[in-house]
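**Q** Before I ask anything, let me first share the structure, which is written out below as structure tokens.
Values quoted throughout were computed directly from the atomic coordinates according to the rules given, and no laboratory measurement underlies them. Quantities reported herein were computed from a predicted structural model and do not represent experimental measurements. Cβ placement follows ideal geometry from the backbone for every residue including glycine, while neighbour counts extend to all protein chains displayed.
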Amino acid sequence: MNHQLTPGTIFLLVFAPLLWAGNAVVGRMIHTMVPPVSLNFFRWAIAFLILLPMAAGIFKRGSIFWFRWYRYAILGLLGVGMYNALQYLALQSSTPINVTLVAASMPVWMLLIGRLFFQAPISRSAVAGVVVSIAGVLLVLSRGELQHLMALRLVPGDILMLLAAICWSLYSWLLTRGGDGELRDHWSHFLLAQVSFGLVWSGLFAAGEWMLAAPVIHWSGTLIAAIMFVAIGPALIAFRCWGMGVQRVGPSIAAFFSNLTPLFAALLSSLFLGETPQLFHAVAFLLIVAGIVLSSRR
């Protein structure tokens with residue numbers, strides 16, 4: 001694992017948050033059209049069907065997929081089954097700005113989980129990076145005015161997003177552990193191994209959703225297009241980019257790039273609302289980048 005940030009690695013770790021910002025915006029737009037846990041199942045079912053022709057070989061007898069099934073079951077539970085289901089659930093009762101604020105705690109959880117469970121040291125530069133990067137996030141969320149930040153209130157959805165951030169942090173650390181052999185050499189194989197079990201987990205959660213409630217799906221062209229987007233972009237492409245980035249520089253450094261998500265979400269929301277970016281967006285971007293630079297120092 002090389003902790004040096006190359007242009008290629010930076011692109012991977014920036015493109016994933018951009019797609020995840022789109023996921024948050026689209027998820028909020030369609031939250032009244034489809035139940036949240038079912039939405040998570042639909043997206044991964046489509047992702048599974050796309051991956052299957054490229055990586056069906058992992059199911060052959062003797063594949064490492066069967067010998068390490070427990071590893072992929074855990075990765076699928078954390079990264080596929082739980083993270084986005086919790087995020088979509090959070091968007092049912094919380095505002096996007098609150099959800100984004102809670103998700104901005106990701107670098108903190110990355111550092112703590114790495115220290116507690118993976119014996120990863122916490123450097124002073126990493127702590128400084130956390131402070132500077134989160135300052136940039138708070139600037140975006142407050143829109144440059146303190147009273148906006150003071151007006152934020154936590155609701156049950158924020159707790160769900162906190163659990164989602166912890167799940168994603170643990171998932172990211174587990175990506176760097178374990179000998180995956182030939183699966184690691186083929187991105188589609190490695191991702192399908194996770195999605196296969198993740199689809200089972202998300203299917204069980206969706207079944208529970210339908211048993212405990214009486215959800216209604218309002219099918220339309222808009223909903224179908226939204227599901228296709230979250231299945232291909234934030235799921236397949238973003239997971240691939242994030243996985244490669246984490247393997248190259250480690251979860252602690254990669255986590256700081258996740259703080260670009262609220263900035264991208266603010267810009268995308270401004271675009272959809274017909275508003276122009278403000279000066280505080282540029283300042284926040286500089287702070288987040290400064291946090292990334294500080295955290296990646298040796």
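**Q** Give, in nm to one decimal, the length gained when the segment between residue 150 and residue 67 is fully stretched (0.36 nm per residue of separation minus the Cα-Cα distance). Don't skip to the answer; put the middle values down first.
**A** Details: separation 83, 0.36 × 83 = 29.88 nm, distance 5.14 nm.
Stretched out fully, the residue 150 to residue 67 stretch lengthens by 24.7 nm.
**Q** Something else: At a 10 angstrom cut-off on C-beta neighbours, averaged per residue, how do the peptides 35-44, 200-209 rank from highest to lowest?
**A** Numbers: 35-44: 25.2, 200-209: 17.8.
Descending packing order for the listed peptides: 35-44, 200-209.
**Q** Under the Karplus relation 6.51 cos²θ - 1.76 cosθ + 1.60, θ = phi - 60°, what is the ordered set of whole-Hz ³J(HN,Hα) values for region 24-31, x standing for Gly and Pro?
**A** Once rounded to whole Hz, the list reads 5, 5, 5, x, 6, 5, 10, 5.
**Q** If you place +1 on the Cβ of every Lys and Arg, -1 on the Cβ of every Asp and Glu, and leave all else neutral, what size is the dipole of the chain about its Cα centre, to the nearest 20 Debye?
**A** On the way: 16 positive and 7 negative charges, 137 e Å.
Approximately 660 debye in magnitude.
**Q** Quick one: 61, 115, 124, 71, fewest Cβ neighbours within 10 Å first, how do they rank?
**A** 61, 124, 115, 71
**Q** Counting pairs of alpha carbon atoms under 8 Å apart in space and at least six apart in sequence, what relative contact order in percent does region 7-295 give?
**A** Reported relative contact order: 42 percent.
**Q** Label region 11-86 by shape, choosing from rounded, prolate and oblate, from the square roots a ≥ b ≥ c of the eigenvalues of the Cα gyration tensor; if a/c is under 1.5 it is rounded, and otherwise prolate applies when a/b is larger than b/c, oblate when it is not. If you can, show how the numbers build up before the last one.
**A** Working: a/c = 2.13, a/b = 1.78, b/c = 1.19.
Prolate shape, in that a/c is at least 1.5 and a/b is the bigger ratio.
**Q** Can you classify the chain as rounded, prolate or oblate using the Cα gyration tensor, where a ≥ b ≥ c are the square roots of its eigenvalues, rounded means a/c under 1.5, and otherwise it's prolate if a/b beats b/c and oblate if not?
**A** Working: a/c = 1.75, a/b = 1.13, b/c = 1.55.
It comes out oblate by the Cα gyration axes.
**Q** What order do you get for 93, 188, 133, 258 when you list them from fewest to most C-beta neighbours inside 10 Å? Write out the running numbers ahead of the final one.
**A** Values: 93 15, 188 20, 133 29, 258 25.
The order, fewest Cβ neighbours first, is 93, 188, 258, 133.
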